[in-house]
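Okay, so here's the structure we're looking at.
Please treat every number below as a calculation from the coordinates, not as lab data. In this text the structure is predicted, and so the values were computed from the model without any measurement. Here the Cβ positions follow ideal geometry from the backbone for every residue, glycine too, while neighbour counts run over all protein chains shown.
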Amino acid sequence: MKATQIGNTLGQWLRKERCRRGKTLSKVAKSIGMQTAHLSKLERGDRPATPNQAAALAVYFEFDTRLVEARRIADLFMRENAYNPATLTAIGLLEEEAGNYGLNFREQKNNLHKSHS
């Protein structure tokens, strides 16, 4: 499934930022050591970003690397589960049971929002 079918993906988010800053696809790709065609596929949702690519894009755009990685993970999750009727329930369970996984979603979410305010 193409990620562009499921909403504001990492690629769409990055494309908006790239265009807002007046950067060309080839300029960004060259700056982070990625082929232009690959970055174009990422922006269109045809190909997911790797953790290293997401980190390089975060540094280039001066974004919080955790936020970009979170969007990358969300893209991967939605690619696999977007049309599964249990997806929203699973997301709710993850948030409710985060402590069982050693995670504090609310604290992490608040910290991400504070760092972008």
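Brief remarks on what is shown
- Local net charge near residue 87, Cβ-Cβ under 14 Å (Lys/Arg +1, Asp/Glu -1): -2
- Relative contact order (%) - criterion: Cα under 8 Å, at least six apart; region: the stretch 3-83: 34
- The spread of Cα positions in the stretch 3-83, taken along each principal axis and listed from longest to shortest, comes to 35, 23, 21 Å.
- Considering only 42, 56, 19, and ranking their Cα positions along the charge dipole of the stretch 3-83 that arises from unit charges at the beta-carbon of Lys, Arg, Asp and Glu, the one farthest toward the positive end is 19.
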